[in-house]
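Read through the structure below, which is laid out as structure tokens, and then see the notes.
The values are calculated or read from the model by the stated rules, or taken from the named source; none is laboratory data. From a predicted model like this one, the values you see are computed outputs, not experimental measurements. Counting neighbours? That spans all protein chains shown, and the Cβs are built from the backbone with ideal geometry, glycine included.
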Amino acid sequence: MKEEIIISGFGGQGVLSMGKILAYSALLEEKEVSWMPAYGPEQRGGTANVTVIISDERISSPILNSFDTAIIL
């Protein structure tokens, strides 16, 4: 099983926190996890997104062109 997820929104909406919680939950299930945030210099209101990959096997690259799931806030 391999699930590739992007969560996107604005700073202050909990985008990065949601990605961290998802990644940590997968770690507790003993899965391989990649968590890669991307955000601007603003503390609130700027764009923010995070990609999370959850897999049973080792993850070769955290950079993706397409995703299985998108959560847009």
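Are any residues in segment 13-59 within 16 Å of I72 (Cβ to Cβ) and of a type in the set (A, V, I, L, M), and if so, which ones?
V15, L16, M18, L22, A38, A48, V50, V52, listed by residue number.
Among the residues of segment 21-45, which ones are part of a loop (DSSP other than H, G, I, E, B) and either surrounded by 13 or more Cβ atoms within 10 Å (Cβ to Cβ) or modelled with pLDDT of 90 or more (or both)? Talk me through it step by step, then tell me what you get.
At the first step, the residues of segment 21-45 found to be part of a loop (DSSP other than H, G, I, E, B) are 29-31, 40-45.
Across segment 21-45, the qualifying residues are E29, E30, K31.
Starting from segment 1-21, keep only residues that are under 11 Å from G45 (Cα atoms), then list their pairs with residues that are of a type in the set (D, E) and part of a loop (DSSP other than H, G, I, E, B) whose Cβ atoms are within a distance under 7 Å, requiring at least 6 positions of separation or different chains.
Cβ pairs passing all conditions: G11/E42.
Check L27, L64 and return the single one that is under 16 Å from K2 (Cα atoms), in contact (Cβ under 8 Å) with a residue 60 or more places away in the chain and aliphatic (A, V, I, L, M). Working first, answer last.
Numbers: L27 fails: in contact (Cβ under 8 Å) with a residue 60 or more places away in the chain.
From the options L27, L64, the qualifying one is L64.
Yes or no: E57 touching an Asp or Glu at 6+ places or on another chain (Cβ under 7 Å) and not in a loop (DSSP other than H, G, I, E, B)? It would help to see each step written out before you state the result.
Values: touching an Asp or Glu at 6+ places or on another chain (Cβ under 7 Å): yes; not in a loop (DSSP other than H, G, I, E, B): no.
Here the answer is no, as E57 does not meet what is asked.
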